[in-house]
1. Could you work out, for the stretch 98-255, what percent of all Cα-Cα pairs fall into each 10 Å distance bin, beginning at 0 Å and stopping at the bin that holds the largest distance?
2. Dipole of the stretch 10-217, Cα-centred, from +1 at each Lys and Arg C-beta and -1 at each Asp and Glu C-beta, to the nearest 20 debye?
3. Given the alpha-carbon gyration tensor of the stretch 228-378, what are the semi-axes of its equivalent ellipsoid in whole angstrom, ordered largest first, with each equal to the square root of 5 times an eigenvalue?
4. Could you work out the local net charge near Phe299, counting Lys and Arg as +1, Asp and Glu as -1, over the other residues with Cβ closer than 11 Å to its Cβ?
5. Please rank Asp135, Asp301, fewest neighbouring Cβ atoms within 10 Å first, as an exposure proxy.
6. Would you list, by chain and number, the lysines whose Cα falls below 21 Å from the Cα of Lys240, excluding same-chain residues fewer than 8 positions away?
7. Can you compute log10 of I(q)/I(0) for the stretch 10-217 with the Debye formula, treating each Cα as one identical point scatterer, at q = 0.13, 0.18 Å⁻¹?
Amino acid sequence: MTTETVSASPAFAALGLAEPILRAVADTGYTTPTPIQAQAIPQVLAGGDLLAAAQTGTGKTAGFTLPILHLLSSRKVETRPGRPRCLILVPTRELAAQVEESVKTYGKHLPLTSMVMFGGVNINPQFKALKSRVDILVATPGRLLDHLGQKTVDLSGVEILVLDEADRMLDMGFIRDIKKVLAVLPKTRQNLLFSATFSDEIRALANGLLHNPKSVEVARRNTTVEVVEQSLHRVPQAHKRDLLAHLIKRHDWQQVLVFTRTKHGANKLAEKLNKDGITAAAIHGNKSQAARTKALASFKDGSVRVLVATDIAARGIDIDQLPQVVNFELPNVPEDYVHRIGRTGRAGATGAALSLVDDEELSYLRDIEKLIKRAIVRVEVDPDFVPPAKADLMSDERPPRPPQGRGAPRQNSGPRQGQSQGRGQSQGQGQPGNRSASGRAPQGQGKPGATAKPAPRPGPQPAAHPRKPRPQAALFSSKPGSRGH
Ligand code: AMP
């Protein structure tokens, strides 16, 4: 009996993927292609360009990785060291590491090699790796340009280019870097562009890059992941840290991803939770890659219950069945809310997203609800919550500033930030709007911890009572800097 063919999923086999790839897919336990996979894989196998609208969590990585492995392994091409045949450009280091991990997972029965390349780490091991054969290169734009400048990588053999999370790359100011990379690629190649949202800039990029692309779309534009239970507490900014600690204990949350607006806020919150006996770690652009990898690993293996992250640092965090996301502050860019809550409820699992909303964030809330076309359920703060004494109030941060409008600078945007992230310095977590040392509770707050508008809105019932602990996430490790299979 050949275990390989017996275990291969007929649904994946029907897509026409080679047997070693089907075997690797079977090893992962996937039996059914996700909608993006079902649509994208045949299109990529057909060889044309592709424009794919897919949010993170839809299985998009396998959607491009599987057919790419098939195409590369089916073509007989002479390879040279440091001359990749496929280039996958991604916005962040974490995503780079995770995409390359997927390449290795799905390509483990093939004789293809891969390499991940990003900034913030010693470049020498990358030089060394490029002295060997590299079929698939997963890179952030900044470090790739460094290598191009030093002529340590040769992109003249690229048959397939992928821009993954293209919207994020543009948000992070990578457009010029991307154009420089495009300029050195061979003219004849296959191009795949994946993006969660389609701004005019993305459309312009797609128009210049793609030739007669097929388009696939799995989630309606800017649609909130339907399976995520969304609720919010109205709470003064100064009470949020205490309330979060209370909620984690009360609901016995074992694995919570918390988003803060600033790096400083992330540190402070992690400190506070640890002080309260709740293991927590912060990840953001000021942390070294080693510290970030360690924090992520501890979160994944359950030794840290709470991971506090800023938006960009959280990109690419891939944890199956992450049960709980908390928005410690609402993002001022409504699309970021969708990205954030997309960290839970992945691949069809259910998840919950709770937002802590200060009065000064109400305009952000309105923008978000407009975007997702639904009201987020308002839930009264647990009456057992005892707000902190005045002397213990958060004294180092103000609530988010009043609305700055959609044209306002993104907290994580701007060419300089994108550049520095890609080149491995800070990760570009700019903090416009963050002022320190307010010392006051925000103006206009009612009773401590009380909700100003208790009337529930229509929508799914929130988790206003202790949730049953959910199983720990299924995890896998990512090893930045590794290569080959
Ligand atoms: P992605 O959108 O590529 O980040 O993938 C989201 C999650 O879905 C990852 O944890 C994958 O391991 C998982 N996944 C990908 N394809 C499948 C599939 N066909 N069945 C179940 N889970 C999948």
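1. 8, 28, 28, 19, 13, 4
2. 760
3. Computed over the stretch 228-378, the values are 22, 17, 15 Å.
4. +3
5. Result, fewest neighbours first: Asp301, Asp135.
6. In chain and number order, the partners are Lys249, Lys263, Lys268, Lys272, Lys275, Lys390, Lys447, Lys453.
7. So the normalised log intensities work out to -0.66, -1.34.
None of the figures in this text is laboratory data; all of them are computed from the coordinates on show. Since the model is a prediction, treat every value here as computed from it, not as a measurement. We place every Cβ from the backbone using ideal geometry, glycine too, and count neighbours over all the protein chains shown.
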